[in-house]
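The values are calculated or read from the model by the stated rules, or taken from the named source; none is laboratory data. Note that the structure is predicted; figures quoted are calculated from it, not measured. Here the Cβ positions follow ideal geometry from the backbone for every residue, glycine too, while neighbour counts run over all protein chains shown.
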Amino acid sequence: MSYLKDETVMTRTVKLVLILLSLLTLTACNPPSMSNASTISLTTVDNVSIVGSWSLPEGAKRAVLLLHMMPATRESWDGLAAALNEAGMATLALDLRGHGASTTKILASGEKELLDYRDFPDERHQKSRLDIDAALNFLKSHGFDEEHISLAGASIGANLALDAMQRYCCLPRGVLLSPGLDYRGVTVLHALKGLRNDQKIWSIAARGDSYSAQTTEELQKADHGRVTITIFEGSEHGTSLFAPHPELMEQIVDYLKGS
């Protein structure tokens, strides 16, 4: 009987070890998530409800505002946001108006208007500037001054990020994934001219994404001192660049840590 008891204990121990190893393997294989992020709602000056994912690591001294591409939502930044949080930076990823959960505007009558980016003329896409204004006010209310807030944007979000940097002259750094010379009337070359000398941007594109690659090269030609560029092979656009280039997330973290 003693032998059988020992064998049972050994069997249970082996099973427990196997379960622990399986859990460790799953943890190692799964990408970072935004499990610690809280969902917040901001109201713009034109009464649009903007939903975001907000994460504030203890002791964070810097914050990064994340602006998605179209069509996409704030979740497209989950991997990068988790990497930034791990490095001690706060993150706020927005659903821009008409996307994801940001689909409600309160009219003067008190009635709700449902927003869908697919129905937007260019002028309503450009009003996403107001979403960014609300987000920056939120970050400032949590103790982050402009000098400690950077931006990362994808596609039209990249254009909006650069546009914000020329409107808020103390924002130090921006990462632009697949910008375009003109997305829905939000242009980049004019915005670049409005940057201060100490504001820096890093523009990233894939060569097969010809419009974004051309835009990235044009940005560098227009201003060598403030613009760093990377052009990958392939044709991925915006946050889709992370899949074939997983090292890019850590490189972006290092770039923004230097702001």
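For this structure, a couple of remarks:
- Residues of the stretch 66-98 that are in contact with a Gly (Cβ under 9 Å, 6 or more places away or on another chain), surrounded by 23 or more Cβ atoms within 10 Å (Cβ to Cβ) and more than 14 Å from ILE156 (Cα to Cα): LEU92, ALA93.
- Just one of the listed residues (ASN197, ASN159) is in the same structural domain as ALA63 (by TED's automatic domain parsing), under 24 Å from LYS61 (Cβ atoms) and either aliphatic (A, V, I, L, M) or touching a residue at least 12 places away in the same chain (Cβ under 8 Å) (or both), and it is ASN197.
- The single condition among (1) surrounded by 14 or more Cβ atoms within 10 Å (Cβ to Cβ); (2) over 20 Å from LEU256 (Cα atoms); (3) without any contact (Cβ under 8 Å) to a residue 60 or more places away in the chain; (4) not charged (D, E, K, R) that SER210 does not satisfy is (1).
- Put simply, of LEU65, LEU84, LEU130 the only residue that is part of a strand (DSSP E or B) and in contact with a Ser or Thr (Cβ under 8 Å, 6 or more places away or on another chain) is LEU65.
- Residues in the stretch 168-188 that are surrounded by 22 or more Cβ atoms within 10 Å (Cβ to Cβ) and either modelled with pLDDT under 95 or among the polar types (S, T, N, Q) (or both): SER178 only.
- Any hit, the stretch 138-146, residues being surrounded by 21 or more Cβ atoms within 10 Å (Cβ to Cβ), touching a helix residue (DSSP H, G or I) at 6+ places or on another chain (Cβ under 8 Å) and either of a type outside the set (Phe, Trp, Tyr) or at pLDDT below 95 (or both): no
- Yes/no for GLY225 being small (Gly, Ala, Ser) and more than 20 Å from the chain's Cα centre (by Cα): yes
- Of all residues in the stretch 99-118 being of a type outside the set (Ser, Thr, Tyr) and not in a loop (DSSP other than H, G, I, E, B), the one that is surrounded by the most Cβ atoms within 10 Å (Cβ to Cβ): LYS105
- Residue match in the stretch 234-247 (condition: buried (at least 23 other Cβ atoms within 10 Å of the Cβ), out of contact with any helix residue (DSSP H, G or I) (no Cβ under 8 Å at 6 or more places or on another chain), touching a residue at least 12 places away in the same chain (Cβ under 8 Å) and among the charged types (D, E, K, R)): no
- Cross-chain or 6+ apart pairs with Cβ under 7 Å, the stretch 35-57 first and within 13 Å of GLU75 (Cα to Cα), then basic (Lys, Arg) and surrounded by 14 or more Cβ atoms within 10 Å (Cβ to Cβ): GLY52/ARG74; SER53/ARG74
- Residue within the stretch 149-167 that is at pLDDT 95 or above, small (Gly, Ala, Ser) and surrounded by fewer than 18 Cβ atoms within 10 Å (Cβ to Cβ) present: no
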